[in-house]
1. I'd like to verify a number: residues in segment 44-90 that are under 16 Å from ASN254 (Cβ atoms) and either part of a strand (DSSP E or B) or in contact with a Cys (Cβ under 6 Å, 6 or more places away or on another chain) (or both), how many?
2. May I ask you to list the residues in segment 170-200 that are in a loop (DSSP other than H, G, I, E, B) and open to solvent by 50 Å² or more (accessible area, probe 1.4 Å)?
3. So which of GLY263, GLY188, GLY204 ends up being more than 17 Å from the chain's Cα centre (by Cα) and on the phi > 0 side of the Ramachandran plot?
4. Go through segment 239-265 and count every residue that is touching a Ser or Thr at 6+ places or on another chain (Cβ under 8 Å), in contact (Cβ under 8 Å) with a residue 40 or more places away in the chain and either of a type in the set (A, V, I, L, M, F, W, C) or under 13 Å from LEU78 (Cα atoms) (or both).
5. Among the numbered criteria (1) assigned to a strand (DSSP E or B); (2) at pLDDT 90 or above; (3) among the hydrophobic types (A, V, I, L, M, F, W, C), which one does LEU36 miss?
6. Looking at segment 201-219 only, could you name the residues that are in contact with a helix residue (DSSP H, G or I) (Cβ under 8 Å, 6 or more places away or on another chain), small (Gly, Ala, Ser) and surrounded by fewer than 17 Cβ atoms within 10 Å (Cβ to Cβ)?
7. Please count how many residues of segment 20-55 are among the hydroxyl-bearing types (Ser, Thr, Tyr) and surrounded by 11 or more Cβ atoms within 10 Å (Cβ to Cβ).
8. Residue under question is GLY179, and the condition is that it be modelled with pLDDT under 90 and on the phi > 0 side of the Ramachandran plot; does it hold?
Amino acid sequence: MKNKLRLTIRMRTVLEAYSFLSLWLIGFAMFMAIPLGRSFYYAFNKMNVTKDGLAPEWTGTLNFRRAFSTDVNFLPLLQNSFLELLIQVPLILIFAMFAALLLNRHLVGRTFFRGVFFLPVIIASGAVLAEILEQGAERMPLFTSTGLFMTLSNVIPPNILEPLLNLADQLTLVMWNSGVQILIFLAGLQTISSSLYEAADIDGATKWESFWKITFPMIAPMILVNTLFTIVNSFTAANNQMMAYIRTVVFNQNDYGYGAAIGWIYFVMIFLIIAFVFWLFRKNLSNTEGRR
């Protein structure tokens, strides 16, 4: 009698993971691998437009050195992108978690409100979002009015008040960009067993203690997923100035080599930030898996 092939739990998990990834890997190999390889090659060349198409002229690392030495727009735009990231990611995560906690309760019409929060993800995206942003619909004039600033400056120091009003002015964008994160947090909250909260209530834990001891650690993987999603979404958003500059260099100035170079620099910066986020969450996720 032949021995049956028995897969360990880890091997089955790995096979399941690759089965889910297989479609993406096939799509990446067919549609993205070659364009990415060409853009990397273009980054080390000056692409001259001729009647026969693009003619590469090898320049080495000249395009990369140009980005950090002679281009007066690249570094300021890159810095602004990182500042927007530092502001928007915490705001979106906090708002999404707060909204998910509310929508996870047994409220009348909670399905309707879930749809309302997710609706901007479907409607306000791509060219539609770019047109909305161009018209200034994401701004809230109340928080940028001079009268409000002058009134509140009598109570709050101006150096503290101005950043607070700028944050409040971005609340519309925060709500628009929180739909996916709210759904992910909801999925995580619904996997937490109610028996854990019942045991905490019996032990005399408050709601605040239950959140930090049960809810927050249990949804740590969702926090990681939402952080990564928000970072990528922030760097590739329709109103991202760095992305707009890359499009201008490539399609308006027809400087394909330099556009590819700054695109790869931008990609490496994003990759380093994502790697740093993974490093920050590694210990927390390990502890969470150990408790499970």
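The values are calculated or read from the model by the stated rules, or taken from the named source; none is laboratory data. Since the model is a prediction, treat every value here as computed from it, not as a measurement. Positions of Cβ are generated from backbone atoms using ideal geometry, with glycine treated the same way; all protein chains shown enter the neighbour counts. Quick note on the areas: whole protein, heavy atoms, side chains included, nothing else; ligands and nucleic acids left out. Shrake-Rupley method; radii C 1.70, N 1.55, O 1.52, S 1.80 Å.
1. 11
2. Step one: list which residues in segment 170-200 are in a loop (DSSP other than H, G, I, E, B), which gives 170, 177-178, 190-193.
Hits for segment 170-200 are GLN190, THR191, SER193.
3. On the way: GLY263 fails: on the phi > 0 side of the Ramachandran plot; GLY188 fails: on the phi > 0 side of the Ramachandran plot.
Just one listed residue meets the conditions, GLY204.
4. At the first step, the residues of segment 239-265 found to be touching a Ser or Thr at 6+ places or on another chain (Cβ under 8 Å) are 240-243, 257, 260, 263-264.
Applying the additional criterion that residues be in contact (Cβ under 8 Å) with a residue 40 or more places away in the chain yields 240-242, 257, 260, 263-264.
Right, trim to either of a type in the set (A, V, I, L, M, F, W, C) or under 13 Å from LEU78 (Cα atoms) (or both) and you get 240-242, 260, 263-264.
Number satisfying all stated conditions: 6.
5. Going through the list (1) assigned to a strand (DSSP E or B); (2) at pLDDT 90 or above; (3) among the hydrophobic types (A, V, I, L, M, F, W, C), LEU36 breaks only (1).
6. Matches in segment 201-219: ALA205 only.
7. Applying the first criterion (among the hydroxyl-bearing types (Ser, Thr, Tyr)) to segment 20-55 yields 22, 39, 41-42, 50.
Filter once more, so that each one left must be surrounded by 11 or more Cβ atoms within 10 Å (Cβ to Cβ): 39, 41-42.
Qualifying residue count, segment 20-55: 3.
8. On the way: modelled with pLDDT under 90: yes; on the phi > 0 side of the Ramachandran plot: no.
Answer is no for this residue.
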